[in-house]
1. Output the residues belonging to the range 67-79 that are surrounded by 14 or more Cβ atoms within 10 Å (Cβ to Cβ) and farther than 30 Å from residue 32 by Cβ.
2. Kindly indicate the residue of the range 47-72 that is in a strand (DSSP E or B) and under 21 Å from residue 124 (Cβ atoms) and also modelled with the highest pLDDT among those meeting that condition.
3. Taking residue 38 as meeting all but one of (1) assigned to a strand (DSSP E or B); (2) at pLDDT below 95, write down the number of the exception.
4. Give the residue that is nearest to residue 82 (Cα to Cα), with candidates limited to residues of the range 22-32 that are outside any strand (DSSP E or B) and touching a strand residue (DSSP E or B) at 6+ places or on another chain (Cβ under 7 Å).
5. Does residue 93 fit the bill of being in a strand (DSSP E or B), crowded, with 16+ Cβ neighbours inside 10 Å and modelled with pLDDT under 90?
6. Evaluate the range 44-64: report whether one residue or more is within 22 Å of residue 201 (Cα to Cα), touching a strand residue (DSSP E or B) at 6+ places or on another chain (Cβ under 8 Å) and surrounded by 18 or more Cβ atoms within 10 Å (Cβ to Cβ).
7. In the range 132-144, how many residues are surrounded by 14 or more Cβ atoms within 10 Å (Cβ to Cβ) and either in contact with a helix residue (DSSP H, G or I) (Cβ under 8 Å, 6 or more places away or on another chain) or modelled with pLDDT of 85 or more (or both)?
């Protein structure tokens, strides 16, 4: 699994310890002792959390804050009945947009829309111009809002400073896609004045996540 977070914004990593019985039913258990979370960036450990919060049976939460942009590798270690297990996750942290070219005020009023902003860079740390971001309602029923019918998608492109900003009607559900990346998220625009693009992406489900297929052998015809 992978997720997107914003630099300097507090977040949490969640560990769920769940097993499947021989009958196919799932159940959660607590670890023998508090699990440990190691957070690494480019192979260097940047944080070690040994006292996560046991919020409920089999679920542990560890708060942390990405300090710089880039990829973070998260590794949980824990034991159950003296058997050691690991669970991994990947987090991509992006800088918040700053000094963004704010779009014109929407006709329906800013109280009905949410301003989405973000900044793109390349692997060398340079601002990336020409990245297209698109939001489109995922289902036809999502287009019918209290203030009108959403008849067109929203597309924005990053400027010379790598920054992008656009308004979207609050409460609408749709697909958020970014050109040149594998990021396709099914998100719901929050009822708030603004949100960082990557914070919004982090709230959605990944439509490109590989799903495991169960293969069932068919009887051969004699």
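1. Of everything in the range 67-79, those that are surrounded by 14 or more Cβ atoms within 10 Å (Cβ to Cβ) and farther than 30 Å from residue 32 by Cβ turn out to be 69, 70.
2. Step one: list which residues in the range 47-72 are in a strand (DSSP E or B), which gives 47-49, 53-56, 59-64, 70-72.
Right, trim to under 21 Å from residue 124 (Cβ atoms) and you get 70-72.
Details: 70: 80, 71: 83, 72: 89.
In this case the residue turns out to be 72.
3. (2)
4. Kept after step one, since they are outside any strand (DSSP E or B), are these residues of the range 22-32: 22-25, 29-32.
Keeping just the survivors that are touching a strand residue (DSSP E or B) at 6+ places or on another chain (Cβ under 7 Å) gives 29-32.
Values: 29: 13, 30: 12, 31: 9, 32: 7 Å.
Looking at the filtered set, the residue picked out is 32.
5. Values: in a strand (DSSP E or B): yes; crowded, with 16+ Cβ neighbours inside 10 Å: yes; modelled with pLDDT under 90: yes.
Considered against the rule, which asks whether it is in a strand (DSSP E or B), crowded, with 16+ Cβ neighbours inside 10 Å and modelled with pLDDT under 90, residue 93 comes out as yes.
6. Looking only at the range 44-64, we keep the residues that are within 22 Å of residue 201 (Cα to Cα), and these are 61-64.
Within this subset, residues satisfying the condition of being touching a strand residue (DSSP E or B) at 6+ places or on another chain (Cβ under 8 Å) are 61-64.
If we keep only those that are surrounded by 18 or more Cβ atoms within 10 Å (Cβ to Cβ) too, we end up with 62, 64.
The answer is yes, given that some residue of the range 44-64 is within 22 Å of residue 201 (Cα to Cα), touching a strand residue (DSSP E or B) at 6+ places or on another chain (Cβ under 8 Å) and surrounded by 18 or more Cβ atoms within 10 Å (Cβ to Cβ).
7. The initial filter retains those residues of the range 132-144 that are surrounded by 14 or more Cβ atoms within 10 Å (Cβ to Cβ), namely 133-138, 142-143.
Retained after the next criterion (residues that are either in contact with a helix residue (DSSP H, G or I) (Cβ under 8 Å, 6 or more places away or on another chain) or modelled with pLDDT of 85 or more (or both)): 133-137.
Residues that pass the stated criteria total 5.
Results for (1) closer than 19 Å to residue 110 by Cβ; (2) without any contact (Cβ under 8 Å) to a residue 60 or more places away in the chain; (3) surrounded by fewer than 16 Cβ atoms within 10 Å (Cβ to Cβ), shown as yes or no for each residue.
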| position | (1), (2), (3) |
| --- | --- |
| 130 | no, yes, yes |
| 146 | yes, yes, yes |
| 153 | no, yes, yes |
| 161 | no, no, no |
| 164 | yes, no, no |
| 176 | no, yes, no |
| 198 | no, no, no |
| 201 | no, no, no |
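The values are calculated or read from the model by the stated rules, or taken from the named source; none is laboratory data. Quantities reported herein were computed from a predicted structural model and do not represent experimental measurements. With ideal geometry, Cβ positions are generated from the backbone for all residues, glycine too; neighbour counts draw on all protein chains shown.
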